[in-house]
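Peer 1: Before anything else, here's the structure in question.
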Amino acid sequence: MQRRHDLDWVRICAFGLLVLYHVGMYYVSWDWHVNSPQPVTALEPVMLLSSPWRLSLLFLVSGVATAFLLGKTERAATAAGGRPRFIGARTWRLLLPLVFGMLVIVPPQSYYELLDSRYPSGWDAGYLAFWGRYLQGDGSFCDDDGCLSLPTWNHLWFVAYLWVYTLALWLLWRFARPLLDAGRRLLERGLRGWGVLLWPALLLGLGRMLLIGLFPPTHALVDDWHNHLQYFGVFLLGFLLARHAPAWEAIERLRWPALLLWLAGWGALVGYFHAFAEVMPPQAMRLAMRVAWGIGQWAAIVAVLGFARRFDPGDGPVLRYLVPAVFPVYILHQTVTVVLAYNLRPAALPPLLEGPLLVLATFALCFAGYELVRRVRWLRPLFGLGPVAPAPPINTGASSEARG
């Protein structure tokens, strides 16, 4: 099947949105690694516009990409007369950057979280001394709300979850393929026409209503059951529907209803959080809004995928540059944002100026980092990049017509 350039663009834009979102996290009143001394609570409704769906979208696109990659690996192995070698390559591609990121890229986030006066013990011995204690798993940095967890994966939790989901899917594909095939046939029958919009939305809403109160998000893998339900669910859905053209055609047709449903759900969430900012909502209202969250979550995904498929800009040099850049930029971006935000404080810039400056500086430094990484052979695997492709041979001889 031809490469889905529309999904490449979706992946690029979704990761770019993460940069904007994490800069926004510095300014809102929600708890983050560092928080601005000049909070901008008016930004919170804008943040809610993407909060329910941006990571689910990435897992769904990852599921589609896994289907294509696994199929390509199987075809290559069949042609060579061998066994598909998939999970080892994916483990190298995901776990090596995860371990490197936890040991080298993420520690500055914890250091500046410590400096942000959230832990009464404080720290004045410098970064290198802190890094040594980080690597030792020092759990003594505590306050009334708990202790700083060291070491940590922070924003790289996505990589850990993606590897676990990929492993689970590979095990199903390797040892229970009839079960996967049955699931694919069931989905293909159910996700036709309006079903592609309604059924996943209702399932996500029901799952949130039943589980979010019991298993609030932790990103700690072992106890994050609501997140596993939604993220592995859409990852598996992307895998099973990757080559099912009727579902993608329905997604494109329903892009406008999905957009309206998403915006209606967003408006309901904004009104709900505003109305109950200071008081406890009735239980029935709380459960209803959990369902609304899940419905809006899937509606947004359908809208994004539908419009991307409709207005697919296709391949080109910009896409070919950005596709390999996404993962290194993602690995770097949150640390860059945290370090920049904390160290810009003495300038006391107004948020209206400081925020866009943080966004531009984060992108600029991350892409500068990518330019370095892609040129240094030993750095490439640490950021999820494959070996440098050999340059095509240059024909210096005359053409056959000229020789003739």
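The values are calculated or read from the model by the stated rules, or taken from the named source; none is laboratory data. Small disclaimer: the values here were computed from a predicted structure and weren't measured. No Cβ is skipped: glycine too gets one built from the backbone with ideal geometry, and neighbour counts run over all protein chains shown. The protein model used for the area step is the full one, side chains on, heavy atoms only, and it has no ligands, DNA or RNA in it. Shrake-Rupley method; radii C 1.70, N 1.55, O 1.52, S 1.80 Å.
Peer 1: Select the helices (runs of 4 or more DSSP H) contained entirely in segment 153-219, then report the ones holding at least 1 residues which are in contact (Cβ under 8 Å) with a residue 12 or more places away in the chain and under 23 Å from the mean Cα position of the chain (by Cα).
Peer 2: Values: elements: 157-175, 177-190, 195-211.
Fully inside segment 153-219 and qualifying: 157-175, 195-211.
Peer 1: Can you pull out every residue in segment 158-175 that is over 16 Å from Gly88 (Cα atoms) and exposed (fewer than 12 other Cβ atoms within 10 Å of the Cβ)?
Peer 2: Across segment 158-175, the qualifying residue is only Phe175.
Peer 1: I would also like to ask the following. Here is a list: Leu43, Leu55, Leu49. Which entry is open to solvent by 30 Å² or more (accessible area, probe 1.4 Å), of a type outside the set (Asp, Glu), within 30 Å of His274 (Cβ to Cβ) and within 17 Å of the chain's Cα centre (by Cα)? Quick ask: steps written out before the conclusion?
Peer 2: Values: Leu43 fails: within 17 Å of the chain's Cα centre (by Cα); Leu55 fails: open to solvent by 30 Å² or more (accessible area, probe 1.4 Å).
Sole residue among the options that is open to solvent by 30 Å² or more (accessible area, probe 1.4 Å), of a type outside the set (Asp, Glu), within 30 Å of His274 (Cβ to Cβ) and within 17 Å of the chain's Cα centre (by Cα): Leu49.
Peer 1: Could you count how many residues in segment 21-33 are modelled with pLDDT of 95 or more and under 17 Å from Asn154 (Cα atoms)?
Peer 2: Within segment 21-33, the subset modelled with pLDDT of 95 or more is 21-28.
Next, only the ones that are under 17 Å from Asn154 (Cα atoms) stay: 21-26.
Result for segment 21-33: 6.
Peer 1: Restricting attention to helices (runs of 4 or more DSSP H) lying wholly within segment 1-103, give those where 3 or more residues are in contact (Cβ under 8 Å) with a residue 40 or more places away in the chain and under 27 Å from Leu114 (Cβ atoms). Let's see the steps before the verdict.
Peer 2: Details: elements: 5-27, 44-48, 54-80, 87-100.
Qualifying helices (runs of 4 or more DSSP H): 5-27, 87-100.
Peer 1: Those residues that are within 23 Å of the chain's Cα centre (by Cα) and in a loop (DSSP other than H, G, I, E, B), I need them from segment 369-386; list them, please.
Peer 2: Selection gives Arg374, Leu379, Gly384, Leu385, Gly386.
Peer 1: Can you tell me which residues in segment 220-232 are part of a helix (DSSP H, G or I) and surrounded by fewer than 17 Cβ atoms within 10 Å (Cβ to Cβ)?
Peer 2: Going residue by residue through segment 220-232, those that are part of a helix (DSSP H, G or I) are 225-232.
Across segment 220-232, the qualifying residue is only Trp225.
Peer 1: Assigned to a helix (DSSP H, G or I) and either open to solvent by less than 50 Å² (accessible area, probe 1.4 Å) or in contact (Cβ under 8 Å) with a residue 40 or more places away in the chain (or both), is that true of Leu357? So that I can check it myself, show each step before the final result.
Peer 2: Values: assigned to a helix (DSSP H, G or I): yes; either open to solvent by less than 50 Å² (accessible area, probe 1.4 Å) or in contact (Cβ under 8 Å) with a residue 40 or more places away in the chain (or both): no.
Here the answer is no, as Leu357 does not meet what is asked.
Peer 1: Quick check, is Arg290 farther than 28 Å from Gly384 by Cβ, surrounded by 13 or more Cβ atoms within 10 Å (Cβ to Cβ) and free of Cβ contacts under 8 Å to residues at least 12 places away in the same chain? First the steps, then the outcome.
Peer 2: Values: farther than 28 Å from Gly384 by Cβ: yes; surrounded by 13 or more Cβ atoms within 10 Å (Cβ to Cβ): yes; free of Cβ contacts under 8 Å to residues at least 12 places away in the same chain: no.
For Arg290, the condition - farther than 28 Å from Gly384 by Cβ, surrounded by 13 or more Cβ atoms within 10 Å (Cβ to Cβ) and free of Cβ contacts under 8 Å to residues at least 12 places away in the same chain - is not met.
Peer 1: For segment 254-287, what are the residues that are of a type in the set (Lys, Arg) and open to solvent by 50 Å² or more (accessible area, probe 1.4 Å)?
Peer 2: Going residue by residue through segment 254-287, those that are of a type in the set (Lys, Arg) are 255, 286.
Of everything in segment 254-287, just one residue is of a type in the set (Lys, Arg) and open to solvent by 50 Å² or more (accessible area, probe 1.4 Å), namely Arg286.
Peer 1: Additional query: Among the residues in segment 120-142, are any in contact with a strand residue (DSSP E or B) (Cβ under 6 Å, 6 or more places away or on another chain), loosely packed, with under 11 Cβ neighbours inside 10 Å and more than 20 Å from His22 (Cβ to Cβ)?
Peer 2: There is at least one residue in segment 120-142 that is in contact with a strand residue (DSSP E or B) (Cβ under 6 Å, 6 or more places away or on another chain), loosely packed, with under 11 Cβ neighbours inside 10 Å and more than 20 Å from His22 (Cβ to Cβ).
Peer 1: Trp248: under 23 Å from the mean Cα position of the chain (by Cα) and open to solvent by 50 Å² or more (accessible area, probe 1.4 Å), yes or no? Spell out the reasoning first.
Peer 2: Working: under 23 Å from the mean Cα position of the chain (by Cα): yes; open to solvent by 50 Å² or more (accessible area, probe 1.4 Å): no.
Criteria not met by Trp248.
Peer 1: Could you list, ordered by first residue, the pairs with Cβ atoms under 6 Å in which the first is in segment 260-278 and among the small types (Gly, Ala, Ser) and the second is surrounded by 14 or more Cβ atoms within 10 Å (Cβ to Cβ), at least 6 apart or interchain?
Peer 2: Listed pairs, sorted by first residue: Gly265/Ala292; Gly265/Ile295; Gly265/Gly296; Ala268/Ala292.
Peer 1: What do you reckon, is Pro200 surrounded by fewer than 18 Cβ atoms within 10 Å (Cβ to Cβ) and more than 25 Å from Val338 (Cβ to Cβ)?
Peer 2: Criteria not met by Pro200.
Peer 1: What do you reckon, is Leu96 open to solvent by 20 Å² or more (accessible area, probe 1.4 Å) and touching a Pro at 6+ places or on another chain (Cβ under 8 Å)?
Peer 2: Values: open to solvent by 20 Å² or more (accessible area, probe 1.4 Å): yes; touching a Pro at 6+ places or on another chain (Cβ under 8 Å): yes.
Yes, satisfied.
Peer 1: Taking segment 226-237, which residues are farther than 21 Å from Ala303 by Cα and either in contact with a helix residue (DSSP H, G or I) (Cβ under 6 Å, 6 or more places away or on another chain) or modelled with pLDDT under 95 (or both)?
Peer 2: Filtering segment 226-237 for residues farther than 21 Å from Ala303 by Cα gives 226-229.
Result: His226, Leu229.
Peer 1: Identify all residues within segment 293-323 that are modelled with pLDDT under 95 and either touching a Leu at 6+ places or on another chain (Cβ under 8 Å) or part of a helix (DSSP H, G or I) (or both); write none if there are none.
Peer 2: Pro313
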